[in-house]
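Colleague: The structure that follows is given in the form of structure tokens.
The values are calculated or read from the model by the stated rules, or taken from the named source; none is laboratory data. Quick caveat, the model's predicted, so the values are computed rather than measured. Here Cβ is always computed from backbone atoms with ideal geometry, including for glycine, and neighbour counts include all displayed protein chains. To get the accessible areas, we keep the full protein, side chains included, count just its heavy atoms, and leave off ligands, DNA and RNA. Shrake-Rupley method; radii C 1.70, N 1.55, O 1.52, S 1.80 Å.
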Amino acid sequence: MNSIILLHVYCLFLQNYLLGILISICGNVLISFSLNIQKYAHVRQAQRGSKPYYTSGVWWCGVTLMGVGELGNFAAYGFAPASLIAPLGCVSVIGDVVISVVFLKETVYTSDIVGGTLAITGTYLLVTFAPHTSTHITAHLVQYYFISWHFLLYLLIEIILFCILLYLYKRRNVKHIVVVMLLVALLASLTVISVKAVSGMITESIQGQLQLIYPIFYVMLVVMVASCGFQIKFLNQAMKMFDATEVVPINFVFFTTSAIVAGIVFYQEFEGLALLNILMFLLGCLLSFLGIFLIARNRPKIKQQDGNFIEMNRIPGNSLCNPCAILGTLPVGVGSSRPTRQCAEPFFFNDL
């Protein structure tokens, strides 16, 4: 009898785990479609030279799909480990390459094929060897994790690093891309922790165990909104100062790494995981990172003059891509777009 009960519990967990993966992949594919729809709307409006792009129904259709995709990424955190959902953001990079080539007739490069192959291989390894254990996220569990000594130590280290980097960036005027993207990554780790907590507690509430009456839910909600806001701020500044071919892959690597570390430290997702699984999981991350860099490698580097964003009513031959999409998961995330292709102006929903 006990073995039957355990088997039933495992099947339910596996069902939720696969559901989280499926939701994340579908969300990232929707983000890819949304970016290309917005891209198409920009091109069409530019050719007609008529009304601004935001008066186009096609553009708003793309925006709506973007919102649905990011909502899917948010929901996925409630079903699967954060250390798995974050790296799946590379799916939208692959999707964007395929969609832009098939529907927008853009040029496919050898680096796109090799990078896409590596990213797909990495995604397979991630799904296969990622932690297959995930607890139900309740308010009491989040409170327990929140006051654990290893998280408090991790939070203290993050605060110290963030203050040092912010001092270098603001006071010493150190404008190196690594400094800015590390600021984004440190905020992203808090975003991932809070997003999974909020999403998990909402999921539990929907399933019948109300979690919204506990103060920790609203604490995590505030942390999520605040960290997303500041993350978007620094990411916007990075897109002003540096080219998308630099920002997008570096942001993906830093965000994914911070999400994995956050999942390990706060939610203890690697606890009890075999050494082989850990090594293969890390190999999957490495292949995904390499694939993203290869896809971005041969894109022409176009910087905006005077450090300003593209004007809202015109589209040049090439423009910056949507930086929030590379986060895939939300902050956040936050899917991803193909760097420096002609696409929508920076448009943020997450950061997650």
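Colleague: Just give me the residues in region 62-83 being aliphatic (A, V, I, L, M) and under 22 Å from Gly122 (Cβ atoms), in sequence order.
Modeller: Residues satisfying the conditions are Ala76, Ala80, Ala82.
Colleague: Here's another thing I want to ask about it. Only one of Ile292, Ile213 is at negative phi and in a loop (DSSP other than H, G, I, E, B); which?
Modeller: It is Ile213.
Colleague: Determine which single condition Ile157 fails, assuming it passes every other condition in (1) hydrophobic (A, V, I, L, M, F, W, C); (2) open to solvent by 10 Å² or more (accessible area, probe 1.4 Å); (3) outside any helix (DSSP H, G or I).
Modeller: Only one criterion is unmet by Ile157, namely (3).
Colleague: List the helices (runs of 4 or more DSSP H) inside region 40-146, counting only whole elements, that have at least 1 residues being open to solvent by 40 Å² or more (accessible area, probe 1.4 Å). Even if it seems obvious, please write down each step before you answer.
Modeller: Details: elements: 57-76, 82-85, 90-102, 110-129, 139-146.
Ranges flagged: 57-76, 90-102, 110-129, 139-146.
Colleague: May I pose another question? So Leu320 passes all but one of these: (1) over 22 Å from Cys228 (Cβ atoms); (2) at pLDDT below 50. Which condition number does it fail?
Modeller: (1)
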